[in-house]
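What follows is one structure encoded as structure tokens, with my remarks underneath.
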Amino acid sequence: MKHVDVAVVPAAGLGTRMRPATRAIPKALLPVVDRPAVQHVAEEAVRAGVSEVVFVVDLGVGSLIRQHFTNGEPLEGLEDLEIRIAVQEEPHGLGHAVLTAREVIGDRPFFCLLADNIVRPGADVLPALVAASDGGSVVSLREVGPHMLDRYGVAVPGDRRGAELEVIGAVEKPGIEHAPSNLGLVGRYLFTSDILDALAGLEPGHGGEIQLTDAIDSVARQGKCRGVVGEHDLLDIGIPLGLLEAAVVLGLARPEFRDDFITFLRSLEGLR
Ligand code: G1P
């Protein structure tokens, strides 16, 4: 795969795990340090060479996201980024959200970045996905503990060489009983348009929703999917503890207030 110029960011969802913060503010716009989740994710996409990001959102949220990117002075580093909005009219799941972007994507390869997950500073995974592609799709994986196997899609691994492997299937949230491996899908993907064809033909799966993992299973069974196992987990900002952790990790990575922040953290009772 040479170059990927477009990314899909599914950013719909009610944010029920972040209530009451999300009663009026969409979860995709909750700030982590000094910028909302959608900007962190857009910056990651731009670092990987993307010039166009398609946000898939609920009705009414698109204009807020667009305002964030276009109000006032252009955002530093994102001056040339084209923002597209695709509205998911009904909440039929992550797979359905990705399929909603089909008209904008056409037959181009695209990254998919889940807006609930933010990469740690210096731990980008998208370039490794491009490098591992032989022309087909590539998913980002991580070894997860047994108790996480009902929270992630899990890959069925084929031949493995170092961090790269053939993916021959995938199961959404199998749980410890049914997990085919401990390799969880961590929310970063490089897809070819095969995935959109697979999604278009899917019946509802786990939880009665159209599952992205089921489409990955379909292309994987055709021998068109690879995986890259990374070392770092992503920061899950869809839950309160994860949002707190993300603020600390991203805050510590900011040179302009890193030292003051460390002094503050050290001053806290119970941390000494
Ligand atoms: C989604 C996907 C799942 C993936 C996870 C990564 O689940 O359905 O396959 O492993 O994101 O965070 P969700 O977290 O939306 O329940």
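Values in this text are rule-based calculations from the coordinates and carry no lab data. Being a predicted model, the structure only gives us computed values, none of them experimental. Here the Cβ is made from the backbone with ideal geometry for all residues, glycine too, and neighbour counts use every protein chain on show.
Answer yes or no as to whether Val248 is buried (at least 20 other Cβ atoms within 10 Å of the Cβ), in contact with a helix residue (DSSP H, G or I) (Cβ under 9 Å, 6 or more places away or on another chain) and among the β-branched types (Val, Ile, Thr). No: the conditions fail for Val248.
From the list Phe191, Phe110, the one residue that fits, being crowded, with 24+ Cβ neighbours inside 10 Å and more than 16 Å from the ligand (Cβ to nearest atom), is Phe110. Counting residues in the range 216-224 that are out of contact with any strand residue (DSSP E or B) (no Cβ under 9 Å at 6 or more places or on another chain), surrounded by fewer than 21 Cβ atoms within 10 Å (Cβ to Cβ) and touching a residue at least 24 places away in the same chain (Cβ under 8 Å) gives one or more. Apart from one condition, Ala128 fits all of (1) farther than 29 Å from Arg35 by Cα; (2) aliphatic (A, V, I, L, M); (3) part of a helix (DSSP H, G or I); the exception is (1).
Criterion first (of a type in the set (Val, Ile, Thr), within 14 Å of the ligand (Cβ to nearest atom) and in contact with a Gly (Cβ under 6 Å, 6 or more places away or on another chain)) does Ile210 satisfy it? Here the answer is yes, as Ile210 does meet what is asked. Exactly one residue out of Val119, Val138, Val144 is out of contact with any helix residue (DSSP H, G or I) (no Cβ under 7 Å at 6 or more places or on another chain) and within 16 Å of the ligand (Cβ to nearest atom), and it is Val144. Residues that are surrounded by 21 or more Cβ atoms within 10 Å (Cβ to Cβ) and more than 15 Å from the ligand (Cβ to nearest atom) within the range 9-28 comprise just one, Pro26. Suppose we filter Val98, Val156 for residues that are outside any helix (DSSP H, G or I), within 27 Å of Lys224 (Cα to Cα) and touching a strand residue (DSSP E or B) at 6+ places or on another chain (Cβ under 8 Å); which single one remains? The conditions single out Val156. Within the range 216-234, being within 11 Å of the ligand (Cβ to nearest atom) and aliphatic (A, V, I, L, M) holds for Ile216, Leu234. Taking each residue of the range 235-264 that is over 20 Å from Ala123 (Cα atoms) and looking for partners that are assigned to a helix (DSSP H, G or I) with beta-carbon atoms closer than 6 Å, six or more apart or interchain, yields Ile239/Arg17; Phe261/Gly251. Taking the criterion of being out of contact with any Asp or Glu (no Cβ under 7 Å at 6 or more places or on another chain) and assigned to a helix (DSSP H, G or I), the residues of the range 159-210 that qualify are Ile176, Glu177, His178, Asp194, Ile195, Leu196, Asp197, Ala198, Leu199, Ala200, Gly207, Gly208. Taking the conditions (1) closer than 30 Å to Lys2 by Cα; (2) within 17 Å of the chain's Cα centre (by Cα); (3) surrounded by fewer than 19 Cβ atoms within 10 Å (Cβ to Cβ) in turn, Leu212 satisfies each one other than (3).
Residues of the range 127-156 that are of a type outside the set (A, V, I, L, M, F, W, C) and touching a residue at least 40 places away in the same chain (Cβ under 8 Å): Pro127, Ser133, Asp134, Gly135, Gly136, Ser137, Ser140, Arg142, Glu143, Gly153.
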